Amino acid sequence: MEQSKVEKSEAQWAAELTPEQYEVLRGAGTEAPFTGSLLYNKESGMYTCAGCSADLFSSQAKFESGSGWPSFTEPALAEAVELRADNSFLMKRTEVLCRRCGGHLGHVFDDGPGPDGQRFCINSAALAFSPEKAS
Ligand code: FE
């Protein structure tokens, strides 16, 4: 992917993002389950990063996991996301970040329904939705 990295100061991010977006993307926060605006979105299109607008997940990869967070079987492009071990809160998890801006998106688990068995559990607050960018 030829997209250049997006780097901004925390003050810039705080000014541009809503408090909810900032807490998730820059603070690695987790929104309360079943509260996200995109959880039940079933439109065709592209889920993009709320921080930098990078294409992250296609609606074709979205599925109803019952977890309370938007869930996907795979990223739109493998290079769009970065995976990192996260051992916080005494759990062994894998954090999912936007590769372009470094924003925290959520976590990936290995109990997904697709052939790769992945479940990308992503905060609604980290995403924006573009109905016209279906792929
Ligand atoms: Fe981003």
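Throughout, read-outs are computed from the coordinates displayed, never taken from laboratory work. Remember, predicted model here, so these are calculated numbers, not experimental data. Neighbour counts run over all protein chains shown; Cβ positions are idealised from the backbone, glycine included.
Going from the residue with the fewest nearby Cβ atoms within 10 Å to the one with the most, LEU127, LEU38 rank LEU38, LEU127.
Determine, for PHE120, PHE89, PHE63, PHE129, the number of other Cβ atoms within 10 Å of each Cβ, and report the residues in order from fewest to most.
PHE89, PHE63, PHE129, PHE120
As a rough footprinting exposure proxy, the listed residues TRP69, TRP13 were ranked by other beta carbons within 10 Å of their own, and the order from fewest upward is TRP13, TRP69. Distances between placed amide hydrogens fall under 5 Å for ARG26 paired with HIS104, all partners being 5 or more residues away or on another chain. Would you please classify the overall shape of the chain from the alpha carbon gyration tensor, given that a ≥ b ≥ c denote the square roots of the eigenvalues, rounded means a/c under 1.5, and beyond that prolate means a/b larger than b/c while oblate covers the rest? Judged from the Cα gyration tensor, the chain comes out rounded (a/c under 1.5).
Given R₀ = 22 Å, FRET efficiency for LYS8-GLU79 by Cβ-Cβ distance, to 0.05?
Computed FRET efficiency for LYS8 and GLU79: 0.60.
Straightening the chain between SER67 and ASP86 buys 4.9 nm, computed as 0.36 nm per residue apart minus the Cα-Cα spacing. Between THR18 and ALA32, the modelled label-to-label distance comes to 1.5 nm, taking each label 7 Å out from Cα in the direction of the beta carbon.
Return a whole-number percent for the relative contact order of the chain, with Cα pairs under 8 Å and 6 or more residues apart as the contact set.
In percent, rounded to a whole number, it is 29.
When only alpha carbons are used to place a centre, the stretch 54-130 and the stretch 5-38 end up 15 Å from one another. By the helix-only formula, in which each DSSP H run with n ≥ 4 contributes -39500 (n - 2.57) and the sum is divided by residues, the chain has a 222 nm mean residue ellipticity of -2500 deg cm²/dmol. Run the reach check for LYS92 against aspartates and glutamates, Cα to Cα strictly under 16 Å, same-chain hits fewer than 8 apart removed. What comes back? Hits, sequence-local ones excluded: ASP110, ASP111.
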